[in-house]
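A.B. asks: There's a structure below that I have some questions on.
The values are calculated or read from the model by the stated rules, or taken from the named source; none is laboratory data. These numbers were taken from a predicted model, which means no experiment stands behind them. So basically every Cβ, Gly included, is an ideal-geometry build from the backbone, and we count neighbours across all protein chains shown. Heavy atoms of the whole protein, side chains included, go into the accessibility calculation; ligands, DNA and RNA do not. Shrake-Rupley method; radii C 1.70, N 1.55, O 1.52, S 1.80 Å.
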Amino acid sequence: MAAMAAMFRSGVSGNSSASNASKDNSMRGLVSFIADLRNARARELEEKRINKELANIRQKFKAGSLTGYDKKKYKQIGYLAVTLFLHEQHELLHLVVNSIRKDLADHNELNNCLALHAIANVGSKEMGIALAADVHQLLISPTSKPFVKKKAALTLLRLYRKVPSIVEPQWCERIIAIMDDTDMGVALSVTSLVMALAQDDPETYKGCYVKAAVRLRKIVIDHEYSGDYVYYKVPCPWLQCKLLRLMQYFTPSEDTHIRQLMRDSLQAILDAAMEMPKNVQQNNAQNAVLFEAINLIIHLDTERDLMVQISSKLGKFIGSRETNVRYLGLEAMTHLAVRAETLDPIKKHQDIIIGSLRDRDITVRRQGLDLLYSMCDSTNSQKIVHELLKYLQSADYAIREEMVLKIAILTEKYATDVKWYVDISMRLIAMAGDHVSDEVWQRIIQIVTNNEELQVYASQMVLKYCQQEHCHETLVKIASYVLGEFGHLIAEQKGGSPIEQFVALQRKFPACSPTTRAMILSAFVKFVNLFPEIKPQLLQGFRMYSHSLDSELQQRACEYLALAERETDDLLRTVCDEMPPFPERASALLSRLDKKSAGVGGDRRTWSVGGVKEGGGKELGRSQTLKRNFSGAVPVMAVERVMDGVVNGQSNGGAVKSPIEELAGLDLSSTMPNLASALHLSPDWEPGYTRLLLRSEGVLYEDVQLQIGLRSEYRAEVGCLILYFTNKSTAPIQSFTTTINDNNALASQKLKVDVKSIPDTTVQAGAQTQQMILFEPRGIFTSPPTIRISYMAGSLQALTLQLPVAPHKYMDAAQLTADDFFKRWKQIGGAPREAQKIFEGHDVGTENTRRVLEGMKWGVLDGVDPNPRNFVGATVLHTAGGKTGVLVRLEPNEGNKEVETVMDRETFPLELTKRVYAVADSNDDGLSEARVRDAIGAKELVKHNLRRAADERNKVRKEEIKAREK
């Protein structure tokens, strides 16, 4: 180990001529060493020769006379020994961390790759935390070769899977930018890394969605790829699959342009699949891309033309002779059944799907089971359930438990007849036997207890099964509970007398487990209360089992015996009172099915058969929960909800929360805020923003590298912005990306953002690219949207700017007469439809104030206010929800440069008043937002009006006094 560590720490140096000479000598020495080992006739001779060679190696290291070739050779051998002989927790790894860090920072690509291989193979949690930043630096370095970037991306992926916290949030934009790398291998490796990151944090990595759509179009339609990455006439199949899968991790985009990009790419993939493959390799690659494209089309759920095409293709695939194609076809059709609004296209192939249950491949049989479960509805439920029961008898043991769960769920969900539900449930338990989980029979008991019309027939059926010679223990459990609770309902019927019920359970007692025996004893004590005529037999049974070796049974029998022998039956009646209906709760069957269908590794699935995503979110599919009730009389069974935080059907409502649950939602991290994120505006964002509040076009932002111009046009509730990005530098800009963010939290204040075009990812020196965006307010919004711009110019550059999209942009000036103005003002009334503000202004002169009002699309009404220095205005605000009329009265005070604003409106929030009227500074033909000095509440407003009236009276008195003096 010491020699290995020494070899590992050796560096690469020395001149090339000495290295070549040493290389020849070393090769001869190696041949001689191998020959000596072969000629050794005993193990002792072999060990002696090996120890001699190790002594020579140690001597060379001690002498310090290693040539460059020797150092390179021993370094490679050292890394090979580390990766082969050591494990993650080996203590020797702590000694080589600094050497690995040194090789990561080396300018020799070979040393970089050796270090990355070692980290990926034996990197522990501690090594990952120590070296993650160095690996990331290799990945983003502009001087790193493509093959180093590929290894760095995959190494970072390996470390992230071990320690997710090592990837910093501020790395996201830089990592996403590498998806535009011209090298397909680098793009493929980085896409694999981004897939893992986006699964866990889709909000942070949402920028990769557009990147994936654009890159897919370049491959499929524009044919921008190297010939080395064409696999049997299929261009970059691995990258295509990853890009298609990556887009399924996000909510489908509503942007028209992005939708069109994806639509064109998907149509091209479907068209390419029409070509007959010439060999197996081409067929496999083609099908891999095709099925990922089909899953993406199903995920989008809006492309009707594409959905029609894939429905016909899937029908052919599930009948294919190839096992892999049949499996993938059934899986894609299951996805379609989970998400589709109608199942008619799938029902056409129901016979073929049922036939897949008898396929020779177990994976195809399991996928056929999933599809039958997903495509079941009220019209075909009975046929599918009967087919599943028929197949259950010969099904593989590996899938029987899952089959039982799904049959039980379908039986409960779609049963409309009492007898059918009970018959299928009893038959299922009798056939499945040991494969019936506890959740299944417990769920049956819940439903029987909560539905009165089931109780009589269920009691009859469980008694018949118990009276048979062979009866599974699970049925005995159900019989113990059902007969103990509802056995009196059939006591008068033939074959259901109390003694017959007692004998049926008594016969099964010896062959049952202790748990079932305890349930039978509980049923017997209820019989004491229900059937006094068989009390002697019951007491005799309690006395017999009070001497049982099992402590649980013995205690139960003794307690029940003491309870039954009391002089009065009051306590017995209280203890054995009828069980109340079970409370409303999530189905334990659904919870267990979700656990069984969850992924066990690899990429997380974007949908599940149970209708719930693995990430916890609900899928948009049909029939997510059990919503069936036989009578509707008992409301607790009417709707079964799948609630957040429910495990195994148990709700936390009203229960004491655990410490972990109490801390849920709290941010316990102590990390500093990321000032480079989209949440923080970039320096010098404000001048261009305020300048464009009154203008329709101009420069939004400019620095030494980039100029951003803006042109806008607003028509009613639709606003169109065109952004122009000009590269002012002498070098091209790479990986140019923009992201629009709506900062309004309330749904009623959200802006509908539709990206009509996106800028080019590469902007040459002096060139310009543009982007068109449509904004439509759903209501009166308070926060303007922001745009995040990132690009590569040597290193990652990022900007966050606020777009000049304010409510006044959607206004149209209105003209009213004085009578109409005051009439509408009185009709609207006071608070909360009236707001008043006082704020400072740099220039509150008449001309500037009029220019500000008209620039903000207010119709200035002259001659309405008696005071000529005051301004009165009217406008109409357009939103998707309709039109809103707004009136304003502005009182400039040139003495202290204050402006008082009073607004009446139909529905106009206070925040909008701040946003529009906290602007009164005129500088360089632009506006800047002034400070709001005072916010007057309801009480202060009354006081202020009274004070103003008193000041006016005092002013009038002073004028009268002066007139008298004259």
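A.B. asks: So, by mean Cβ neighbours within 10 angstrom, what's the order for 558-570, 155-167 with the highest one leading?
C.D. replies: Those peptides, ordered most packed to least, come out 155-167, 558-570.
A.B. asks: Top to bottom by accessible area (1.4 Å), largest first, where do THR143, THR737 land?
C.D. replies: Sorted descending by solvent-accessible area, the residues read THR143, THR737.
A.B. asks: Does segment 34-97 classify as rounded, prolate or oblate by the C-alpha gyration tensor (a ≥ b ≥ c root eigenvalues; a/c under 1.5 gives rounded; else a/b over b/c gives prolate, otherwise oblate)?
C.D. replies: Here segment 34-97 falls in the oblate category.
A.B. asks: Same structure again: Residue farthest toward the positive end of the dipole of segment 167-236, with Cβ of Lys/Arg at +1 and Asp/Glu at -1: which of GLY185, CYS236, CYS208?
C.D. replies: My answer, from the dipole projection, is CYS236.
A.B. asks: Go through segment 34-39 residue by residue and turn each phi into a ³J(HN,Hα) via Karplus (6.51, -1.76, 1.60, θ = phi - 60°); whole Hz please, and just put x for glycine and proline.
C.D. replies: Running phi through 6.51 cos²θ - 1.76 cosθ + 1.60 with θ = phi - 60° gives 5, 5, 4, 5, 5, 7 Hz.
A.B. asks: Could you order MET792, MET195 so the one with the most accessible surface comes first? Probe is 1.4 Å.
C.D. replies: MET792, MET195
A.B. asks: Residue separation times 0.36 nm, minus the C-alpha to C-alpha distance between GLU469 and ARG566: what's the value?
C.D. replies: Working it through step by step, the gained length comes to 31.3 nm.
A.B. asks: Also: Taking R0 as 45 Å, what's the FRET efficiency between ARG263 and ALA731 from their Cβ-Cβ distance, rounded to 0.05?
C.D. replies: 0.80
A.B. asks: What net charge is computed for the residues neighbouring GLU776, neighbours being all others with C-beta under 15 Å from the C-beta of GLU776, Lys and Arg scored +1, Asp and Glu -1?
C.D. replies: +1
A.B. asks: Short version: ³J(HN,Hα) in whole Hz for each residue of segment 405-416, in order, from phi by Karplus 6.51 cos²θ - 1.76 cosθ + 1.60 (θ = phi - 60°), x for Gly and Pro, what are they?
C.D. replies: 4, 5, 5, 5, 5, 5, 4, 6, 5, 10, 6, 10
A.B. asks: Give LYS149/LYS728; LYS150/LYS242; LYS728/LYS752; LYS278/LYS316 a once-over and call out the pairs whose C-alpha atoms are over 26 Å from each other.
C.D. replies: Pairs exceeding 26 Å: LYS149/LYS728; LYS728/LYS752.
A.B. asks: Sticking with this structure for a sec: If you place +1 on the Cβ of every Lys and Arg and -1 on the Cβ of every Asp and Glu, how big does the dipole about the Cα centre of segment 50-202 come out, in debye to the nearest 20?
C.D. replies: 860
A.B. asks: Ok, one more. Starting from segment 337-380, pick out the trypsin sites (Lys or Arg not before Pro) whose DSSP state is loop and whose Cβ has at most 13 other Cβ atoms within 10 Å.
C.D. replies: Qualifying residues, ordered by number: LYS348, ARG360.
A.B. asks: Still on this model: Please give the Cα centre distance for segment 82-104 versus segment 332-361, rounded to the nearest Å.
C.D. replies: Between the Cα centres of segment 82-104 and segment 332-361 lies a distance of 52 Å.
A.B. asks: Now for a separate question. Rounded, prolate or oblate for segment 220-337? Axes are the square roots of the Cα gyration tensor eigenvalues, ordered a ≥ b ≥ c, and the cut-off for rounded is a/c under 1.5.
C.D. replies: It comes out oblate by the Cα gyration axes.
A.B. asks: Counting Lys and Arg as +1 and Asp and Glu as -1, each charge on the Cβ, what is the dipole of segment 323-413 about the Cα centre in debye, to the nearest 20?
C.D. replies: 180
A.B. asks: Quick check: pseudo-label points 7 Å beyond the Cα along Cα→Cβ at TYR232 and VAL699, how many nm apart are they?
C.D. replies: 5.7
A.B. asks: Here's a follow-up. May I have the count of lysine pairs in segment 343-427 with C-alpha atoms under 21 Å apart, counting pairs 8 or more residues apart or located on different chains?
C.D. replies: Taking segment 343-427 as the scope, the lysine pair count is 12.
A.B. asks: Related question: For segment 362-397 and segment 498-577, write down the distance between their C-alpha centroids in whole Å.
C.D. replies: Computed from Cα coordinates, the inter-centre distance equals 41 Å.
A.B. asks: Also: Place a point 7 Å from the Cα of ALA398 along the Cα-to-Cβ direction; which residues of segment 350-386 have their backbone N under 12 Å from it?
C.D. replies: Zone members listed by number: 361-367.
A.B. asks: Output wanted: per-residue J couplings in Hz (rounded whole) for segment 370-387, from phi through Karplus 6.51 cos²θ - 1.76 cosθ + 1.60, θ = phi - 60°, x for Gly and Pro.
C.D. replies: 4, 5, 4, 5, 6, 8, 6, 9, 5, 7, 10, 5, 5, 5, 5, 4, 5, 5
A.B. asks: If you count only protein heavy atoms and use a 1.4 Å probe, how large is the accessible surface of HIS680, to the nearest 10 Å²?
C.D. replies: Rounded to the nearest 10, that gives 60 Å².
A.B. asks: Taking H placed 1.01 Å from N in the peptide plane, check which residues at least 5 places from LEU700 or on another chain put their amide H under 5 Å from its amide H.
C.D. replies: The answer is ILE708, GLY709, LEU710.
A.B. asks: Of all trypsin sites (Lys or Arg not before Pro) in segment 695-747, which ones are in loop regions per DSSP and have a Cβ with at most 14 other Cβ atoms within 10 Å?
C.D. replies: LYS728
A.B. asks: Rounding to the nearest 20 debye, state how big the charge dipole of segment 211-348 is about its Cα centre with +1 on each Lys and Arg Cβ and -1 on each Asp and Glu Cβ.
C.D. replies: Here the size comes out at about 320 debye.
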